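Shown next, in structure tokens, is the structure this report addresses.
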Amino acid sequence: MNAASDRAAEHASGRPTTPDSERDSGRLRFFGSTDGDLAYLDAGAGDLVVLLHAGFVDHRLFDAQIPALAARHRVIAPDVRGHGFSANATEPFRWADDLAALLRHLDAGPAVLVGLSMGGAIATDTVLEHPDLVRAVVACGAATSEFQYTDPWYQEILAEYARTMAAGDIEGWLAAFLRVVPGAHRRVEDMDPGILRRLREMALHTLSKHSPGEPNLHTPMTDTWSRVPKIDVPVLAVNGSLEPDDLVAAADRLVDTVPDGRSVVIEGAGHYTNLEQPERFNEILLDFLRTL
């Protein structure tokens, strides 16, 4: 099937249309789950590393990590349901179950799960629910999926999300979303415009898949903290030094509670450590992988 007919088939099947550069590379693939097609990138060969993106974006968040890791590992970077090029949910679902279904479909694993923000929560959910599929966890800007920000600065952003979304103010929502990039102690204007542009593009694409007022069908996990001591694989927490204190405290709690936990701080970085300091981020990942 050529690229043109591939895209026609995507339209006919209701799959999200893939950019030419992604589809023509032959790397972006689709897993037919029980509730629609889930997109994932598959590159390299060797021990498996799964890259799990943050909320509202997609696998392209890891453009600077995939080549570096794929030189020695098989790298799978999925789009979480409702994000990027993956189908929206039409029935209740859990992040961990979607990922487990994909890995079992590929007969792949156990995997090192590397997740940023929402992706880090997916990683911890998955090691708790499907431990046979996980070899190690790297949680970046994340703890368990039950973490809730209490920092006043972040609470203000959450309130702005709710206000702008209720008003149908997409530009206002995007402005609030991009405030997370610098964090509380820097200005958006201080950031690399290329990073802001990439995040905005991915977030706008994900938002375009949804409509105001649609139900949230994600089923959250509960009692995660009580189960963390049972995680018997290595866990690495990676945080920027400019993250809110409550998030850093939760990440510290995670690595202090598991039998094999460790942490690294990337100085001068905020929430998107892999975008702000990709070379340092890659170095940390590769060093951790060499210890497994």
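How would you order 163-173, 232-242 from highest to lowest mean count of nearby Cβ atoms within 10 Å?
On the way: 163-173: 14.0, 232-242: 21.2.
Ranking, from highest mean packing down: 232-242, 163-173.
From the helices alone, meaning DSSP H stretches of at least four residues, give me the mean residue ellipticity at 222 nm for the chain, per-run term -39500 (n - 2.57), in deg cm²/dmol to the nearest 500.
The helix contribution divided over the chain gives -12000 deg cm²/dmol.
Could you rank the peptides 100-106, 210-216, 189-195 by their average count of other C-beta atoms within 10 Å per residue, with the highest value first?
100-106, 189-195, 210-216
In whole Hz, what ³J(HN,Hα) sequence does the stretch 183-189 give by Karplus (6.51, -1.76, 1.60; θ = phi - 60°), x for Gly and Pro?
Karplus-based 3J(HN,Hα) across the stretch 183-189 equals x, 6, 10, 9, 9, 4, 5 Hz.
Could you tally the net charge around Arg81, taking each other residue with its Cβ under 9 Å from the Cβ of Arg81, Lys/Arg +1 and Asp/Glu -1?
Values: positive: none; negative: Asp35, Asp79, Asp98.
That sum, taken over residues with Cβ under 9 Å, equals -3.
Where a ≥ b ≥ c are the square roots of the eigenvalues of the C-alpha gyration tensor, would you call the chain rounded, which needs a/c under 1.5, or, failing that, prolate if a/b is larger than b/c, or oblate?
Judged from the Cα gyration tensor, the chain comes out rounded (a/c under 1.5).
Using 0.36 nm times the number of residues separating Asp245 and Ser208, minus their current alpha carbon distance, what extension gain do you get?
Net length gain for the segment: 10.1 nm.
Using a 1.4 Å probe, what is the accessible area per residue for the stretch 69-151, in Å²? Show your work: numbers first, answer last.
Values: 2610 Å² over 83 residues.
The answer is 31 Å² per residue.
Report, largest value first, the span of the C-alpha coordinates of the stretch 145-292 along each principal axis, in whole Å.
47, 35, 28
Rounded if a/c is under 1.5, else prolate if a/b beats b/c, else oblate: with a ≥ b ≥ c from the C-alpha gyration tensor eigenvalues square-rooted, which is the stretch 189-241?
It comes out oblate by the Cα gyration axes.
Can you grab the distance from the C-alpha centre of the stretch 213-235 to the C-alpha centre of the stretch 92-170, Å, no decimals?
Each part's Cα centre sits 8 Å from the other's.
Run the dipole for the chain about the Cα centre, Lys and Arg Cβ at +1, Asp and Glu Cβ at -1, nothing else charged, and hand back the magnitude in debye, nearest 20.
With only Lys, Arg, Asp and Glu charged at Cβ, the dipole is about 440 debye.
Name the residue from Trp225, Gly240, Pro278 whose Cα lies farthest towards the positive end of the charge dipole of the stretch 205-292, charges +1 on Cβ of Lys and Arg and -1 on Cβ of Asp and Glu.
Trp225
How long is the stretch 134-199 along each principal axis, judged by its Cα atoms, biggest number first, in Å?
Per principal axis, max minus min of the Cα coordinates gives 42, 28, 23 Å.
In the chain, with Lys and Arg counted as +1 and Asp and Glu as -1 at Cβ, which of these residues, Phe62, Cys140, Gly46, has the Cα nearest the positive end of the dipole, that is, farthest along it?
Most positive-ward Cα: Gly46.
Less than 11 Å Cβ to Cβ from Asn274, Lys/Arg counted +1 and Asp/Glu -1: what total charge do the surrounding residues give? The partial results should precede the final answer.
Working: positive: Arg280; negative: Asp63, Glu276, Glu279.
Once positives and negatives cancel, what remains is -2.
Computing the accessible area with a 1.4 Å probe over protein heavy atoms, can you report the carbon and sulfur percentage for the chain?
Working: 6450 of 12680 Å².
Accessible surface attributable to carbon and sulfur in the chain totals 51 percent.
Find out how many positive minus negative residues lie around Leu174, taking Lys and Arg as positive, Asp and Glu as negative, among other residues whose Cβ is under 12 Å from that of Leu174. It would help to have the intermediate numbers written out before the result.
Values: positive: Arg179, Arg197, Arg200; negative: Glu160, Asp169, Glu171, Glu201.
Net of charged neighbours comes to -1.
Answer with one residue from Leu116, Tyr161, Val75: the one whose Cα lies farthest towards the positive end of the charge dipole of the stretch 39-172, charges on Cβ with Lys, Arg +1 and Asp, Glu -1.
Of the options given, the answer is Val75.
Determine the gain in length on full extension of the stretch His218-Leu292; use 0.36 nm per residue of separation and subtract their C-alpha separation, reporting nm with one decimal.
23.4 nm
Where does each of 33-41, 149-157, 179-187 land if you order them by average Cβ count within 10 Å, highest first?
33-41, 179-187, 149-157
Give the shape of the stretch 54-137 as rounded, prolate or oblate, defined through the alpha-carbon gyration tensor: a ≥ b ≥ c are the square roots of its eigenvalues, a/c under 1.5 means rounded, and otherwise the shape is prolate if a/b is larger than b/c and oblate if not.
The shape class here is oblate.
The values are calculated or read from the model by the stated rules, or taken from the named source; none is laboratory data. None of the values given here were measured: they were computed from a predicted structure. Cβ atoms come from the backbone with ideal geometry, glycine included; neighbour counts cover every protein chain shown. Keep in mind that these areas ignore ligands, DNA and RNA; they rest on the heavy atoms of the full protein, side chains included. Shrake-Rupley method; radii C 1.70, N 1.55, O 1.52, S 1.80 Å.
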